[in-house]
1. If contacts are Cα pairs under 8 angstrom and at least 6 residues apart, what is the relative contact order of the chain in percent?
2. Which whole-number percent gives the relative contact order of segment 49-204, counting Cα pairs below 8 Å spaced six or more residues apart?
3. Would you mind checking which residues have amide H under 5 Å from Asn180's amide H? H placed 1.01 Å from N; only 5 or more apart, or other chain.
4. Roughly what would the spin-label model give for Ala107 and Glu270, points 7 Å off Cα along C-beta, in nm?
5. What is the gain in length, in nm to one decimal, between Thr191 and Arg261 on full extension, counting 0.36 nm per residue of separation less the C-alpha to C-alpha distance?
6. Gain in length, Asn244 to Lys213, computed as 0.36 nm per residue apart minus the alpha-carbon separation, to one decimal in nm?
7. Based on the Kirkwood radius over alpha-carbon pairs, what is the Stokes-Einstein translational diffusion coefficient of segment 157-308 at 10 °C with 1.306 mPa s viscosity, in µm²/s?
8. Restricting attention to segment 146-228, which trypsin sites (Lys or Arg not before Pro) occupy a DSSP loop and are surrounded by at most 15 other Cβ atoms within 10 Å?
Amino acid sequence: MRRHPALRIAAFALCALHGLAAAQTWPAKSVRVVVPFTPGSGTDIIARTVMERLSSQVGQAVIVENRPGAGGTIGEAAVAKSDPDGTTLLVHSSSYTVTPSTYRNLAFDTLRDLTGITPLGLLPNVLIIAPSKGIRSVKDLVAAAKARPGSMNSASVGIGSATHLNAERFRLGAGIDTVNVPFKGSPEALTEIITGRVDFYFCPVVAALPLLKDGKIVALAVGSTRRSSALPDLPTTLEAGVSNSDYNFWVGMFAPAKTPRESVNRIYQETIRALHSSEVREKLARLGAEPMEYNPEQFNAYLRAEIAANAALVKAAGIKVE
């Protein structure tokens, strides 16, 4: 039986009103934000900084839950399979765009099951090494690695992670042979760098700053395309003479793909409001995070392009997850 045009219009209006109401009432209960890395990692610190402000804005608890492991895919899967009601979100790093190329048998599809909301900031990695190594420049590090092919190693927070990809870009650009040593998170990787058991690490600047201040590590360069405002006198690896070595490490927010568009837009608006607050801006600046603002449509277009670019990098570096 064909529905009367007036009834179709009424039904459409009802759906629109329901969507508007869902957006206006978000969040109706506490929000869980999954961070797929360990507490104290760069992604975790950025997430907690922004979510604290977001919680005060929306009048609900916003609880950060760490679900580390498997290059971030454990936390990704938990959010991808959650109810798409806007109360389970993901804050991930740029390794989000690497896992489609490194994990072939995922229980979810990165582009189909999750959607980007907005970046929270660009967080440059800084190339660090223990003072005891006696290496004080990128040139010295490259020379040492070339003198002993295959004997030097680099830390990462997992195969295919942003820290790993930055090291691989550097390795390929410098033409050196080094070995990746994956850890559960930045705190564990930093411990091994400080002791000298691992040679170098492209560490998120937020996690490295306190140790740099205390002289426990030495910074050689930043791995991003441009210099870090937190370390303005430190050159990029490009400026240090290693071509094609830059890798941009960002932190962003995601939701299950079927989350109502009205709710996604509301989450985006509240998150941008939090990022624009003087309190959060000052905290992020102290952490070395740079602004990187995209709306959901722009962010998802960026994600698709970066997934394709990282697929080429993974192939060139021969990265495989066992």
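The values are calculated or read from the model by the stated rules, or taken from the named source; none is laboratory data. Only a predicted model underlies this, so the values are computations on that prediction, with no experimental measurement involved. Note: ideal-geometry Cβ built from the backbone for every residue, glycine included; neighbour counts use all protein chains shown. Ligands, DNA and RNA are excluded from the accessible area calculation, which covers all protein heavy atoms including side chains. Shrake-Rupley method; radii C 1.70, N 1.55, O 1.52, S 1.80 Å.
1. On the way: 658 pairs, mean separation 87.0, N = 322.
So the answer I get is 27 percent.
2. Numbers: 193 pairs, mean separation 38.4, N = 156.
Dividing the mean separation by the residue count of segment 49-204 yields 25 percent.
3. Ser154
4. In this crude spin-label approximation the distance works out to 2.8 nm.
5. Numbers: separation 70, 0.36 × 70 = 25.20 nm, distance 4.28 nm.
Going from the current span to full extension adds 20.9 nm.
6. Separation in residues times 0.36 nm, less the Cα-Cα distance, equals 8.3 nm.
7. Working: Rh = 17.3 Å.
Translational D for this selection: 92 µm²/s.
8. Working: sites: Lys146, Arg169, Arg171, Lys184, Arg197, Lys213, Lys216, Arg226, Arg227; in loops: Lys184, Arg197, Lys216, Arg226, Arg227.
In loop regions of segment 146-228 (DSSP not H, G, I, E or B), the sparsely surrounded trypsin sites (Lys or Arg not before Pro) are Lys184, Arg197, Lys216, Arg226.
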